[in-house]
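The values are calculated or read from the model by the stated rules, or taken from the named source; none is laboratory data. Just so it is clear, the model here is predicted, and its values are computed rather than measured. Please note: Cβ atoms are built from the backbone with ideal geometry, for glycine as well, and neighbour counts cover all protein chains shown. Note: accessible area is taken over every heavy atom of the protein model, side chains too, but ligands, DNA and RNA are not part of it. Shrake-Rupley method; radii C 1.70, N 1.55, O 1.52, S 1.80 Å.
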Amino acid sequence: MTLEIISEHACFEGTQRFYKHNSSEIGLPMRFSVFIPHQAIHGTVPALFYLAGLTCTEETFMIKGGAQRYAAEKGIMLIAPDTSPRGAGIEGEDEHWDFGTGAGFYLDATEPGWNKNYRMYSYITKELYDIALNLGAAKNRIGIFGHSMGGHGALVLALKNPQLFKSVSAFAPVAAPTQCPWGHKAFANYLGQDKAQWEAYDATCLMQKLHNPFKQGILIDQGMKDSFLEEQLNPDLFEAACEQANQSLVLRHHEQYDHGYYFISTFMEDHIRFHAERL
């Protein structure tokens, strides 16, 4: 596979890169970003995948998250994919901010039209994962986290692939997408009307069928001034599922914080430390 470096920047004694490549899973060119810490010159390093939320790109986290400083201190690689395919030419792809372009929901679509290119689940767990290994990520020391739609993605990908991801955390995740408007819209269009297919990409539903899948715990931060909290996020449902599954969960509520990157950057150091301790 040929990776094209779009740009490269010195950053906290490491290197921030933005890549483009032709994706075999997506069938279109895809972009992703990587922060490579200076420790990588000595060999493989632990790595963290970050999945961004609705409307974001591979740049959003690297520009706004403030993670590189802490990743450099811990010697951790950061990998951030785009949030969907771009330019698939599907009717309706660009009509909604919460569906289609910029809103891939980290699943493999099964509905006609979408199933050819909207395969973010397989793209990350197969193709981008292998790319990360080739860039110097240590195979058994990879974690995953994300925000909002990406928090949903991080929880789902971790719960379905504990052999790939050894730690997981999230900021304000869409924790029960089968029970919120964003999830209903995305799942009905990507997956069809079979609710059993929806549950395969719902972290709360997945956790209800497991027993203590992450023995070192899960961390979630949630702002209580988040305008999406009541209608879309449902962290309490995921918390209840964790209790049922005997899964250790630290769900922190922050009274003054909203849904955006000011909130995320405030607690980024805690999440990097959480993963560093486990990787």
Could you tell me which numbered condition residue 167 fails, if it satisfies all but one of (1) open to solvent by 10 Å² or more (accessible area, probe 1.4 Å); (2) over 30 Å from residue 193 (Cβ atoms); (3) not aliphatic (A, V, I, L, M)? (1)
Out of all the residues in the range 206-223, which are open to solvent by 70 Å² or more (accessible area, probe 1.4 Å) and under 27 Å from residue 257 (Cα atoms)? 216
Name the residues in the range 224-238 that are in contact with a Phe, Trp or Tyr (Cβ under 8 Å, 6 or more places away or on another chain) and crowded, with 16+ Cβ neighbours inside 10 Å, would you? 226, 232
Failed condition for residue 262, given (1) without any contact (Cβ under 8 Å) to a residue 40 or more places away in the chain; (2) farther than 18 Å from residue 65 by Cα: (2)
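Do any helices (runs of 4 or more DSSP H) entirely within the range 158-256 hold 1 or more residues that are in contact (Cβ under 8 Å) with a residue 60 or more places away in the chain, and if so, which? Explain how you work it out, then say what you get.
Values: elements: 181-191, 195-199, 203-208, 235-244.
Filter on the range 158-256 gives 181-191, 195-199, 235-244.
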Residue satisfying condition, being in a strand (DSSP E or B) and either small (Gly, Ala, Ser) or touching a Leu at 6+ places or on another chain (Cβ under 7 Å) (or both), within set 10, 40: 10
With the structure loaded, tell me whether residue 203 is at pLDDT 95 or above, under 21 Å from residue 96 (Cα atoms) and crowded, with 22+ Cβ neighbours inside 10 Å or whether it fails that test. no
Restricting the range 124-148 to residues that are of a type outside the set (Asp, Glu) and out of contact with any strand residue (DSSP E or B) (no Cβ under 7 Å at 6 or more places or on another chain), the residue that is nearest to residue 166 (Cα to Cα): 140
One residue is enough: does the range 34-48 have a residue meeting the conditions without any contact (Cβ under 8 Å) to a residue 40 or more places away in the chain, open to solvent by less than 10 Å² (accessible area, probe 1.4 Å) and more than 20 Å from the chain's Cα centre (by Cα)? no
